[in-house]
Structures are given as structure tokens and as C-alpha cells.
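Q: Structure in C-alpha cells, see below.
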Amino acid sequence: MVRYWASAAFVAVYVSAGFSPAWAKEKPATPVAVTADPSWQGFYSGANGGYMMGAAKLADGSTDTGVNGAIAGVQFGYDWQNGSTVYGLAADYDFSNASRDFGSYEDSHSYVASLHGRFGQLLAPDVLVYALGGLTFSDVKDTASGLSDTQQGWGYTVGAGIEKLISHRTSVFAEYRYDYLNKVDFSGSFAGNSAICDGNELRVGINFRF
């Protein structure tokens with residue numbers, strides 16, 4: 001009887017010390033898959049649309065406002081990523097129907113384009129906020145009494161936006177820009193007239209990454 005209780009006591013000490021036979025060992029935990037953060041680096045292209053609100057300062061010092069209209073076009077670019085910082089270069093071209101009829105004449109733009117850089121920070125692995133700046137290009141057309149003259153202008157663009165990845169290869173964005181065109185001088189029947197144009201743009205779009 002004493003031998004029986006001695007054996008039981010030995011087993012109790014053995015188990016409480018953390019020892020257990022092979023059949024009592026726990027099964028290994030199932031590995032948990034780790035998902036890598038999405039990458040912003042690489043080429044992309046896409047489409048955009050929005051609205052442009054413009055004005056023109058004329059040679060006589062007056063200002064034409066309300067030269068407004070829709071824009072729609074394409075863009076492409078390349079981004080680099082360093083941790084939570086994303087920066088890159090991009091180009092875009094948008095058709096425009098921005099115009100205003102002032103009765104005796106009309107101002108209009110048929111396109112707006114840009115070459116610009118952007119610099120941004122990730123708020124989350126799939127959300128980027130950024131600032132942009134670069135060159136902008138557009139035509140400026142004056143029409144009066146059945147005659148017209150179109151000049152090509154260039155200047156600068158600055159703005160800011162937010163972009164979100166909706167998959168590893170697709171993102172959507174919303175953006176604001178301010179455009180300024182340097183002075184253009186008209187010719188022919190419009191000789192002596194000039195215009196300095198500026199405007200505000202609101203854009204939304206989609207990008208596909210490669």
C-alpha cells in the first residue's frame with residue numbers, strides 16, 4: 001500500500017514539473033499567412049474627367065470670367081516608393097469644351113495638358129495624399145464676327161490630391177489643380193489683343209498599374 005502511494009506521488013510530481021509523455025504533447029499551431037503591403041512603385045496609366053473654371057485677363061485690363069466646361073482625357077506616369085513616401089513623374093492630356101460667349105466674341109479652350117511631378121505620403125498602405133507641380137499647356141481661342149484666332153499657351157500647374165488602391169493593380173483618385181497660362185498674343189484680325197489665362201480644375205480618375 002505504501003508502495004502504491006509512493007508511485008502515485010512520483011507521477012504527480014513528474015506531471016506538475018511540466019513533463020508529459022509523447023502522446024500528451026500539443027499539436028503544432030497552424031501557420032498564419034502574412035499578406036504583404038501593396039506597392040505603389042511602377043508604371044501606370046488611366047483615364048480622368050472633371051470640370052475646369054477659367055478666366056482671362058485681356059490687353060485692356062478687363063477680365064473675362066466664366067470660361068468653364070468639362071474636361072476628359074488620359075494620363076500615364078511612373079511612381080517610386082521609399083517606405084511611406086511616394087514620388088513620381090506624370091503626363092496627361094484632356095479634351096475640353098470650356099468656353100463663354102460674351103455676345104460680341106467668345107473665349108474657349110479645346111484641350112489642357114501637363115507634365116508634372118508629384119510627392120506624397122501614405123496615410124495607410126493603400127491611401128496616398130500628394131502635392132503636384134509642373135508645366136501646363138492649353139490653346140486659347142478668340143472668335144468674333146465669324147473670324148477666329150487660336151494661340152498656344154504654356155505656364156504652370158500646382159495642386160493636391162488623394163489616391164486609394166482598390167486592388168493591388170487598380171487605384172482611384174480625386175484631385176484639385178490651379179493652372180496659370182503666360183500671356184498669349186493674338187494675330188491676324190485679332191492683332192493687338194492678348195490674354196493671360198488661369199483656372200481651377202477638379203478631377204476624378206482611375207489608374208491601372210503594371
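The values are calculated or read from the model by the stated rules, or taken from the named source; none is laboratory data. It should be emphasised that the depicted structure is a prediction, and the values quoted were computed from it without experimental measurement. Here the Cβ positions follow ideal geometry from the backbone for every residue, glycine too, while neighbour counts run over all protein chains shown.
Q: Exactly one condition in (1) modelled with pLDDT of 95 or more; (2) touching a Lys or Arg at 6+ places or on another chain (Cβ under 9 Å); (3) surrounded by fewer than 19 Cβ atoms within 10 Å (Cβ to Cβ); (4) not aromatic (Phe, Trp, Tyr) is false for SER194; which is it?
A: (1) is the only condition that SER194 fails.
Q: Which condition number does ASN97 fail, the rest of (1) over 30 Å from SER187 (Cα atoms); (2) surrounded by fewer than 16 Cβ atoms within 10 Å (Cβ to Cβ) being met?
A: Result: ASN97 passes all but (1).
Q: Which numbered condition in (1) over 16 Å from ASN200 (Cβ atoms); (2) at pLDDT 95 or above is the only one that MET52 fails?
A: Going through (1) over 16 Å from ASN200 (Cβ atoms); (2) at pLDDT 95 or above one by one, MET52 breaks only (1).
Q: Of all residues in the range 55-81, which are touching a residue at least 60 places away in the same chain (Cβ under 8 Å) and either among the hydroxyl-bearing types (Ser, Thr, Tyr) or within 24 Å of LEU165 (Cα to Cα) (or both)?
A: ILE71, GLN75
Q: Output the residues belonging to the range 105-159 that are among the aromatic types (Phe, Trp, Tyr) and over 22 Å from ARG177 (Cβ atoms).
A: TYR105
Q: How do the strands (runs of 3 or more DSSP E) wholly within the range 66-140 filter down when requiring 1 or more residues that are modelled with pLDDT of 95 or more and aromatic (Phe, Trp, Tyr): which remain?
A: Output list reads 85-96, 111-124.
Q: Condition first: in a strand (DSSP E or B) and buried (at least 19 other Cβ atoms within 10 Å of the Cβ). Now tell me which residues in the range 160-191 satisfy that.
A: Answer for the range 160-191, where residues must be in a strand (DSSP E or B) and buried (at least 19 other Cβ atoms within 10 Å of the Cβ): GLY161, GLU163, LEU165, SER171, GLU175, ARG177, ASP179, LEU181, VAL184.
Q: I would also like to ask the following. Might you let me know whether the range 192-204 holds any residue that is in a loop (DSSP other than H, G, I, E, B) and of a type in the set (Gly, Ala, Ser)?
A: So far as the range 192-204 goes, yes, one or more of its residues are in a loop (DSSP other than H, G, I, E, B) and of a type in the set (Gly, Ala, Ser).
Q: Return the residues of the range 133-161 that are in contact with an Asp or Glu (Cβ under 8 Å, 6 or more places away or on another chain) and closer than 21 Å to GLN75 by Cβ; say none if nothing qualifies.
A: Hits for the range 133-161 are THR136, SER138, GLN152, GLY153, GLY155, TYR156, THR157, GLY159, ALA160, GLY161.
Q: Please specify each residue of the range 152-179 satisfying the condition of being under 18 Å from ILE71 (Cβ atoms), out of contact with any Phe, Trp or Tyr (no Cβ under 6 Å at 6 or more places or on another chain) and not aliphatic (A, V, I, L, M).
A: GLN152, GLY153, THR157, PHE173, GLU175, TYR176, ARG177, TYR178, ASP179
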